[in-house]
């Protein structure tokens, strides 16, 4: 396979080529490696390269019969635990951390036939909706290298958008799959809570806010990968609602006439960025043209109370993660081993009382009930994934220890994504709009808990009606030097 052909295919397309022997799995892998070596210096998406492990995996029988055999894939440097690879959470604290076993999700990726070529960039401990850290440096958006990839799965998004791999692992505790999908022009699904297991090390994380999944270029890849990974493991604390068939099959079905609410304001009633309003209005018009019933409406959530509760759960979850790593290391973190912002989040989380924590959980549960009621009336809720186009890199000071000052540039950046983490319902970001500057604007659809099937049917319909596969970052992006970005 020539270098020019490789980026034309999604994961299913590459798997079909390999299965039909039109191209060999080793040939595809080498094409992916060449692509990474060409593009990564500009975008800084891949922070650990595992080329030899990838080549060795193709020489063993394991995974050779999986539906995605031979497809190159990247794992996130948070929770993508893979034997023989580091898992550093983009932190100096964990620079020597090497994993000795696959987590359950990675084992399922491996059984599906995916070939792991490396790990992707994140912010330290995943604390930001951008991907910038002292340890690895900033990931850069392939659509414009001066801009953020989103976070915390920003390295995964940049790698997929730059066509290094057709799909990559991500996780989402407050929008960390959907935000990068929006910034980088990709499909990003946060599945229903517990749809993918966190075995063997965890039952849940971030008080149930966090879910595991992938970022892809096509809807069908997103569906096929969830088919390969979903399902509980004995001992999981709870299970997602059962599914009745393959998610990939849902992408071939029509969604029927849906009732869809859409929003042009945030939960405080404030208007969004003009580019995001235009994106929502154009998408609402498209949905109406496709035969859906569309009206402006949104759930009546007390934004101030919810945001405070979510911050409490988030900060305490990060403090837990830092304390867990310290326990595993057998020593306390040194000041130089954590960024200033991470230190501040850690200290804020340690200060959360048991009562404050449980009150915040109660708020999240109430939001879940409100969303369940909302979806009795509306099949889907449409919003822009973000309130503004992608941010520029550098707008957040990762050394700042005043939390209010540090988070001020992003406090209103993502007003919608955390809701689905609290409620446990699925939500998908789709690349349906680009602004005049050529930056992607993602549109997010959420559905009732357990109803990923509906989202896949609707997403496939929208992908066909307003396709995005022909869009790709400028071909000379990879050749732009770092000096040009400064």
Starting with the fewest neighbours, write out 277, 411, 396 ranked by other beta-carbon atoms found within 10 Å of each beta-carbon. 411, 277, 396
How large is the translational diffusion coefficient of the range 52-198 in µm² per second when you combine the Kirkwood radius over alpha carbon pairs with Stokes-Einstein at 25 °C and 0.890 mPa s? 161 µm²/s
Give me P(r) over the range 186-238, computed from all C-alpha to C-alpha distances, binned every 10 Å, as integer percentages. 25, 51, 23, 1
Could you tell me whether the range 117-192 comes out rounded, prolate or oblate from its Cα gyration tensor? Rule is a ≥ b ≥ c as square roots of the eigenvalues, rounded for a/c under 1.5, then prolate if a/b exceeds b/c, otherwise oblate. rounded
Give the order of 322, 71 when sorted by the count of other beta carbons within 10 angstrom, beginning with the fewest. 322, 71
For the range 145-279, shape from the Cα gyration tensor axes a ≥ b ≥ c, cut at a/c of 1.5 then a/b versus b/c, turns out rounded
Order of 77-88, 302-313 by packing, highest average Cβ count within 10 Å first? 77-88, 302-313
Shape call for the range 247-379, from the Cα gyration tensor axes a ≥ b ≥ c (a/c under 1.5 means rounded, otherwise prolate when a/b beats b/c, else oblate), comes out prolate
Taking every DSSP beta bridge with both residues inside the chain, roughly what % is antiparallel (nearest 5)? 65 percent
Likely footprinting exposure, 325, 444, 164, 371, fewest C-beta neighbours within 10 Å first: 325, 371, 444, 164
Compare the peptides 114-120, 435-441 by average per-residue count of other Cβ atoms within 10 angstrom and give them in order, highest first. 114-120, 435-441
Dividing the Cα convex hull volume of the range 351-390 by residue count, how many Å³ per residue is that? 86 Å³
Sum of -39500 (n - 2.57) over DSSP H runs of 4+, divided by residues of the chain (222 nm, nearest 500): -11500 deg cm²/dmol
When the Kirkwood hydrodynamic radius is evaluated over all pairs of different C-alpha atoms of the range 216-316, what value in angstrom, to one decimal, is obtained? 17.5 Å
So what are the three principal axis dimensions of the chain from its Cα atoms, in whole Å, longest to shortest? 59, 54, 51
Using alpha-carbon coordinates alone, the radius of gyration and Dmax of the range 3-82 in Å work out to 12.8, 35
Contour minus Cα-Cα span, residue 296 to residue 252, at 0.36 nm per residue, comes to 13.0 nm
Suppose the chain between residue 59 and residue 264 were pulled fully straight at 0.36 nm per residue; how much longer would it get relative to their current alpha carbon spacing? 68.6 nm
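Where a number appears in this text, it was derived from the coordinates with a stated rule and is not lab data. What you see is a predicted model; the values in this text were computed from it and never measured. All Cβ positions, even for glycine, are placed from backbone atoms using ideal geometry, and neighbour counts span all protein chains on display.
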